[in-house]
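Participant: Handing you this structure, nothing more for now.
The values are calculated or read from the model by the stated rules, or taken from the named source; none is laboratory data. The model shown is predicted, which means the values in this text are computed figures rather than measured ones. Quick reminder, even Gly has a Cβ in these numbers, built from the backbone with ideal geometry, and neighbours come from all protein chains shown.
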Ligand SMILES: Cc1cc2nc3c(=O)[nH]c(=O)nc-3n(C[C@H](O)[C@H](O)[C@H](O)COP(=O)(O)OP(=O)(O)OC[C@H]3O[C@@H](n4cnc5c(N)ncnc54)[C@H](O)[C@@H]3O)c2cc1C
């Protein structure tokens, strides 16, 4: 690993001023499960690294009915997966966090790092897209809010500019009768990244689908919403037919590539199967029984 300068600021303002002073090329360090691996392997050689560990502004999980959920960017996967409020009100987020790596990885890996790394397969991306999360970003130009749908630009690339820090995710309180579910396919049970991941959220106040969101991972350059599949579900009673139809449309909306992990055709079929399963899981959690 090439030598680099290391900073461990105590406040967000201090971190932003270090980034402004040192300029291009630096890297923020969260859990280090992506960054340190890439630095060790020599793929990344930043002249300086700024640790986010001491920044209390990036920590914590809070919820109120009026304000919704706030998750600090430095919250690790183990904390998200075991949080009582997340398990009760946003179990789709616990699904994603519980799947990341091993126990050791989950104790280190943060939700902010998972999103900012911008891997198409990131396991927190589809769940957070499905709950309509907003990224709160602080930087030299002040604060800004970016809907997660607009956060990812390309593999490894987000809207973050040099000097920006993702501070937290904000999630609106889901309407009564909502349920969400995330699952993925990996060849191995653990310690593997998603070949396909699908998150679904449905709102069924009276048994009909008032609103549905379907989010796909690892089947396009960036995690994506399947808007056409969502439109098929909206306003319909829950049935085998409507779920199957939405799943078939989601598989057409996906833009998978073939790689060592699976062919494009295999991924499309996985999107269909996992969208069906994810929607059924979401319907069950919404309090209705899946068809
Ligand atoms: C063994 C192993 C298994 C894994 N399994 C999975 C898996 O199953 N699913 C999965 O999705 N991922 C997996 N990963 C990848 C990785 O663990 C996750 O992406 C993790 O969430 C990254 O978070 P981190 O805190 O470690 O990020 P870091 O490595 O610290 O940072 C990642 C990138 O994000 C930037 N960054 C971090 N925080 C911020 C912030 N707040 N603001 C701006 N930029 C920031 C960093 O500068 C860096 O470029 C695995 C990794 C390993 C090593």
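The rows are residues; the columns are (1) within 16 Å of the ligand (Cβ to nearest atom); (2) surrounded by fewer than 18 Cβ atoms within 10 Å (Cβ to Cβ).
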site: 154; (1), (2): yes, yes
site: 173; (1), (2): no, yes
site: 178; (1), (2): no, no
site: 202; (1), (2): no, no
site: 206; (1), (2): no, yes
site: 214; (1), (2): no, no
site: 225; (1), (2): no, no
site: 233; (1), (2): no, no
site: 238; (1), (2): no, no
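Participant: Exactly one of (1) on the phi < 0 side of the Ramachandran plot; (2) over 21 Å from the mean Cα position of the chain (by Cα) is unmet by residue 80. Its number?
Facilitator: The failed condition is (2).
Participant: Sort out which residues of region 18-37 are surrounded by fewer than 15 Cβ atoms within 10 Å (Cβ to Cβ) and within 23 Å of the chain's Cα centre (by Cα), and write them in order of number.
Facilitator: 37 - this is the single residue of region 18-37 that is surrounded by fewer than 15 Cβ atoms within 10 Å (Cβ to Cβ) and within 23 Å of the chain's Cα centre (by Cα).
Participant: Here's something else I'd like to know. Is there a residue being in contact (Cβ under 8 Å) with a residue 60 or more places away in the chain and within 12 Å of the ligand (Cβ to nearest atom) anywhere in region 74-94?
Facilitator: There is no residue in region 74-94 that is in contact (Cβ under 8 Å) with a residue 60 or more places away in the chain and within 12 Å of the ligand (Cβ to nearest atom).
Participant: Examine region 271-279 for a residue that is touching a helix residue (DSSP H, G or I) at 6+ places or on another chain (Cβ under 6 Å), under 29 Å from residue 66 (Cα atoms) and not assigned by TED's automatic domain parsing to the domain that holds residue 151, and state whether such a residue exists.
Facilitator: yes
Participant: Does region 130-137 contain any residue that is part of a helix (DSSP H, G or I), away from the ligand (no atom under 12 Å from the Cβ) and not assigned by TED's automatic domain parsing to the domain that holds residue 27?
Facilitator: yes
Participant: Now for a different question. What do you reckon, is residue 127 more than 14 Å from the ligand (Cβ to nearest atom) and under 22 Å from residue 62 (Cβ atoms)?
Facilitator: no
Participant: Still on this structure, please answer the following. From the list 159, 111, which one is more than 10 Å from the ligand (Cβ to nearest atom) and in contact with a strand residue (DSSP E or B) (Cβ under 7 Å, 6 or more places away or on another chain)?
Facilitator: Residue meeting the stated conditions: 159.
Participant: Something else about it: What are the residue pairs meeting all of these: first residue in region 23-45, first residue outside the structural domain of residue 160 (by TED's automatic domain parsing) and at positive phi, second residue outside any strand (DSSP E or B) and surrounded by 11 or more Cβ atoms within 10 Å (Cβ to Cβ), Cβ atoms under 7 Å, and 6 or more apart or on different chains?
Facilitator: 25/46; 25/47; 32/108
Participant: Would you tally the residues in region 246-291 being buried (at least 21 other Cβ atoms within 10 Å of the Cβ), part of a loop (DSSP other than H, G, I, E, B) and over 19 Å from the mean Cα position of the chain (by Cα)?
Facilitator: The qualifying residues number 1.
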